[in-house]
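Have a look at the structure below, then the notes.
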Amino acid sequence: MYSQHLEVGDSKVGKGTFTKVTIPAEKPVAEILGPVLLDREVPSTDNIDIYLQVGPNTFIGPSGKNVPEYLNHSCDPNCYVQVVGNRAILYSLYVIPAGAEITFDYSLTSTDTYDTWKMNCKCCSNKCRKVISGFQYLDPALQETYKKKNLIPLYIIHPTMIQKR
């Protein structure tokens, strides 16, 4: 993994995670660490986007000492999150040059509705969707693209197979 080569820096949206080295395509970049929480344990806060969904009602919360906690959203990301059980591993989608900000699409792990969570996007990508929420709000063509690349966690693709706790 490339965790030791990541650092927090100034981003166009505040703080972000940047790589100090070139990261090859399709490689594990970092594990997102923190306490595993059930949805009812996630505090009601304006900073809800610091909690990563890893199951139908399971989240990883901030640890306070993990550089990937500063991962920002992009509608044109260079990484995705692979969820295995309650673990979340960030993988590169393509070669990421040294100095680049590490980003992923928050919608890829979210089952939220506009009523439970949404955020105004500030990624400034030419693919920007302006408002980010759950996977179900993505354009069907984009959903299909992500599915073909196997970037979607099982709890989103097959929600009836995964039981809530």
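For this structure, a couple of remarks:
- The residues of region 21-150 expose, per residue, 52 Å² of accessible area to a 1.4 Å probe.
- For region 78-146, Kirkwood radius (reciprocal of mean inverse C-alpha pair distance, Å): 13.4
- Measuring nothing but protein heavy atoms, the accessible surface of the chain at 1.4 Å probe radius is 50 percent carbon and sulfur.
- For the chain, the Kirkwood radius over C-alpha pairs fed into Stokes-Einstein at 20 °C and 1.002 mPa s yields D = 134 µm² per second.
- Whole-number D in µm² s⁻¹ for region 1-92, Kirkwood Cα-pair radius fed into Stokes-Einstein, 10 °C, 1.306 mPa s: 115
- Accessible-area rank, largest first, for R87, R129: R87, R129, with all protein chains present and a 1.4 angstrom probe.
- Rg then Dmax, both in Å and based on the Cα atoms of region 52-114: 12.1, 36.
- Chymotrypsin sites (Phe, Trp or Tyr not before Pro) within region 58-165: DSSP coil, no more than 11 neighbouring Cβ in 10 Å: Y94, Y114
The values are calculated or read from the model by the stated rules, or taken from the named source; none is laboratory data. In this text the structure is predicted, and so the values were computed from the model without any measurement. Positions of Cβ are backbone-derived with ideal geometry, glycine not excepted, and every protein chain shown enters the neighbour counts. Ligands, DNA and RNA are stripped out before the accessible areas are found, and what is left, the full protein with its side chains, is counted by its heavy atoms. Shrake-Rupley method; radii C 1.70, N 1.55, O 1.52, S 1.80 Å.
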